[in-house]
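Heads up, the thing below is written out as structure tokens.
The values are calculated or read from the model by the stated rules, or taken from the named source; none is laboratory data. It should be emphasised that the depicted structure is a prediction, and the values quoted were computed from it without experimental measurement. Because the Cβ atoms are built from the backbone with ideal geometry, glycine has one as well, and the counts that use them run over all protein chains shown.
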Amino acid sequence: MSINERVYLIDHLLNERRSISFQDLLTRLEVSPATLKRDIAHMRDRLNAPVVFDKELGGYRYGEQGPGMKYELPGLWFSESEIHALLTMQHLLNNLDGGGLLGPHIKPLLSRLMAILGTANNDATEVQRRIKVESLGARQMHLEQFQVVGSALLNRKRLLIEYHARGTDEISNREVSPQRLMHYRGNWHLDAWCHSKNAMRNFSVDMIKKAEITEKTADDVAEALLDEVLATGYGIFSGKNVEWATLHFTPERARWVADERWHSKQKSKFLDDGTYELKVPYSDHRELIMDILKHGQYATVVAPESLRQLVTETLQAAMGNYQGPTS
């Protein structure tokens, strides 16, 4: 019987009886006195269980809760390996969320997990010390706006936002119905129905300078329409007018690219000479071109010709702006 099973049985016996003797507990659990003492100490110290020994009754019972103490057996128990996995996930989430919308809700769970893990062979803090996540390229998050956006999203309320569009460097005021938040390449984005434009739009949360929740109920957009408008094409810049890009990567570069997921609907194959052919849908070329160019001379745009020309023009412009090394 595992410690978790024994704790549940002890809890059951304490709840169904006025008190229970040490010997009765030993008989029911079929463990040594030392093990039973450790189990009771674990319930007291790790789970905040108010287990007391009543001399008059000659046995153990539940006492009064201490100030600031709360005892409740979790509805689900995890093995030590599962707890390690959850702590690892929590560590990753903290780095992704930065203490924003989800962070405060994770802290109580983390405290409980670390308490349960106290019986494991290695310290829970070792997980956090040994695993590091660096979100390079992630933009600075304005926590106040993030929380407002998240609250409006979950409570299905419209938002009034002041938005700074990087592409045009313009600031506009919008009324939007938030649909979903997405963490993409280290940054948060809001998919929302823009009532000013009467269309679906994607907003970088870090560029929302002000956000105010209104009393108006948010309009719900069907999941199918969200995916049609925002998830069909390549990357974060999506739309309805989708084209397919055909890309070729050299056999050497294929060792990396073949394991990459560029799009959920991508098509790929190896050609006879070892070249890796990748086909991805896109409706806005900006992000796709950035990903193509990072592979340099190892990537070739086969089709469409319009994309091939855009990549060529981007390279020519970059070379034209290059000043060379300074002495």
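Restricting to segment 249-266, name every residue that is crowded, with 17+ Cβ neighbours inside 10 Å and either among the hydroxyl-bearing types (Ser, Thr, Tyr) or outside any loop (DSSP other than H, G, I, E, B) (or both).
249, 250, 253, 254, 257
If you take the residues of segment 191-205 that are more than 10 Å from residue 178 (Cβ to Cβ) and of a type in the set (A, V, I, L, M), which of them is surrounded by the fewest Cβ atoms within 10 Å (Cβ to Cβ)?
In this case the residue turns out to be 199.
Of the residues 106, 3, 116, 20, only one is at pLDDT below 65 and over 30 Å from residue 146 (Cβ atoms); which?
Criteria check complete, one pass: 116.
Can you find a residue that is within 18 Å of residue 241 (Cα to Cα) and modelled with pLDDT of 90 or more anywhere in segment 254-261?
no
Pick from 287, 305, 313: which is in contact with a Gly (Cβ under 8 Å, 6 or more places away or on another chain), of a type outside the set (Val, Ile, Thr) and more than 17 Å from residue 252 (Cβ to Cβ)?
Testing whether each residue is in contact with a Gly (Cβ under 8 Å, 6 or more places away or on another chain), of a type outside the set (Val, Ile, Thr) and more than 17 Å from residue 252 (Cβ to Cβ) leaves just 287.
For segment 1-43, give me each residue that is outside any helix (DSSP H, G or I) and more than 23 Å from residue 55 (Cβ to Cβ).
Scanning segment 1-43 gives 1, 2, 30, 31, 32.
Only residues in segment 154-170 that are within 24 Å of residue 220 (Cα to Cα) count as the first member; pair them with residues that are of a type in the set (Lys, Arg) and surrounded by 10 or more Cβ atoms within 10 Å (Cβ to Cβ), Cβ under 6 angstrom, at least 6 apart or cross-chain, and list the lot.
That search, which allows pairs on different chains as well, returns 158/216; 161/174; 162/209; 162/210; 163/174.
Which one is surrounded by the most Cβ atoms within 10 Å (Cβ to Cβ), of the residues in segment 267-313 that are within 26 Å of the chain's Cα centre (by Cα) and hydrophobic (A, V, I, L, M, F, W, C)?
288
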